[in-house]
Amino acid sequence: RASLTFIKGVVSLRIIKEECEIAEIEKACDIGYLMHYTAMKQMRCGMIEQDLVGIMEGISISKGLMPSFPIILSQNGETLHNHSHHQILTEGRLVVIDAGAETNSNYTSDFTRTLPPSGKFTQQQKEIYTIVSNANNLAISLARPGVSYTEVHQAASRLMAQGLVDLGLLKGDADEIVAAGAHSLFMPHGLGHNMGMDVHDMEDLGENNVGYDEKFKRSTQFGLGSLRMGKMLEKGHVVTVEPGIYFIPALIQKWKSEGTNAQFVNFD
């Protein structure tokens, strides 16, 4: 049987990164940047998704150890963590790329970006992308010691909710929408997670033991309950910032048929 005291001791040692550890994570981020930038430059309509996966994986191996997790690259981003890469890149679609690198010292990086294979967003795509980009920038600006990551998640959620209200996809007050969790139809996951010697750092020790504590308890609300890191941020924490807007047909249909958050969601 696992010792909770021992687990908490390991978490307390590993969750605050020393300067030398942050330097290694920066190396992993540099490789991850090169992976994503190269994919962006190489992407063409008519390519098979797997071709880009191979290019990115090759960079991670040549510059470090390997990808920090199996590369997610898909035009079906509504299936979260989709590892199928058989499709042909097609004009008018979007490609979500979630990938990072692991250095020889086992420190990791993790970036998520969405790109149009044609090199140009449609107006609809641009409107959604801009909301996510603004939420990403807001979250980064708010993340600092003395602020809980739950607060950062909720602030990004309110910005996205307001953006979706402005587009007519949600309706009502952004604060009320987020309080009800109605925005989670479009972002059914947490804003981010701890990162270090594993891309979901120490997840095998239990997410609640790593991302929560006696003061900050995990929510049971759909969407917010998937936030892996919710406690107070401290100097030395390394967290990812990964807001997203997804259109998941099965989830939309489920909520519509059940009337879930019907006062906030414009299903038509």
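Just one of the numbered conditions (1) in a loop (DSSP other than H, G, I, E, B); (2) in contact (Cβ under 8 Å) with a residue 24 or more places away in the chain; (3) closer than 29 Å to residue 22 by Cα; (4) not acidic (Asp, Glu) is not true of residue 81: (2).
The selection criterion, being in a loop (DSSP other than H, G, I, E, B), in contact with a Pro (Cβ under 8 Å, 6 or more places away or on another chain) and either hydroxyl-bearing (Ser, Thr, Tyr) or surrounded by fewer than 22 Cβ atoms within 10 Å (Cβ to Cβ) (or both), does not hold for residue 217.
Going residue by residue through the stretch 99-116, is there one that turns out to be open to solvent by 60 Å² or more (accessible area, probe 1.4 Å) and either over 30 Å from residue 201 (Cα atoms) or of a type in the set (Val, Ile, Thr) (or both)? No: the stretch 99-116 contains no residue that is open to solvent by 60 Å² or more (accessible area, probe 1.4 Å) and either over 30 Å from residue 201 (Cα atoms) or of a type in the set (Val, Ile, Thr) (or both). Applying a threshold of 8 Å to beta carbon distances and a minimum spacing of six or more residues, or different chains, the list of pairs starting in the stretch 133-158 at a residue that is surrounded by fewer than 19 Cβ atoms within 10 Å (Cβ to Cβ) and ending at one that is among the basic types (Lys, Arg) reads 145/235; 148/231. Any residue in the stretch 199-227 that's farther than 16 Å from residue 11 by Cβ: show its pairings with residues that are assigned to a loop (DSSP other than H, G, I, E, B) and open to solvent by 50 Å² or more (accessible area, probe 1.4 Å) at Cβ separation under 9 Å, as long as the two are six or more apart or on different chains. Here the result reads 224/218; 225/218; 227/218, each pair linking the stretch 199-227 to a residue that is assigned to a loop (DSSP other than H, G, I, E, B) and open to solvent by 50 Å² or more (accessible area, probe 1.4 Å).
When you check residue 130 against the structure, is it of a type outside the set (Gly, Ala, Ser), open to solvent by 10 Å² or more (accessible area, probe 1.4 Å) and within 24 Å of residue 17 (Cβ to Cβ), yes or no? Let's see the steps before the verdict.
On the way: of a type outside the set (Gly, Ala, Ser): yes; open to solvent by 10 Å² or more (accessible area, probe 1.4 Å): yes; within 24 Å of residue 17 (Cβ to Cβ): no.
Criteria not met by residue 130.
Those helices (runs of 4 or more DSSP H) of the stretch 1-64 in which at least 2 residues are touching a Lys or Arg at 6+ places or on another chain (Cβ under 6 Å) and open to solvent by less than 90 Å² (accessible area, probe 1.4 Å), considering only elements entirely within it, cover 19-42. I need every pair where a residue in the stretch 41-55 that is within 17 Å of residue 92 (Cβ to Cβ) has its Cβ under 7 Å from the Cβ of a residue that is open to solvent by 40 Å² or more (accessible area, probe 1.4 Å) and of a type in the set (Ser, Thr, Tyr), sequence separation at least 6 or different chains. Listed pairs, sorted by first residue: 45/90; 45/118. Among the conditions (1) open to solvent by less than 90 Å² (accessible area, probe 1.4 Å); (2) within 26 Å of residue 126 (Cα to Cα); (3) not in a loop (DSSP other than H, G, I, E, B), the only one that residue 253 does not satisfy is (1).
The values are calculated or read from the model by the stated rules, or taken from the named source; none is laboratory data. Source: prediction; values computed, not measured. A quick note on method: Cβ atoms are made from the backbone with ideal geometry, for glycine too, and the neighbour counts reach across all protein chains shown. We work out accessible area using only protein heavy atoms, side chains counted, and drop any ligands, DNA or RNA first. Shrake-Rupley method; radii C 1.70, N 1.55, O 1.52, S 1.80 Å.
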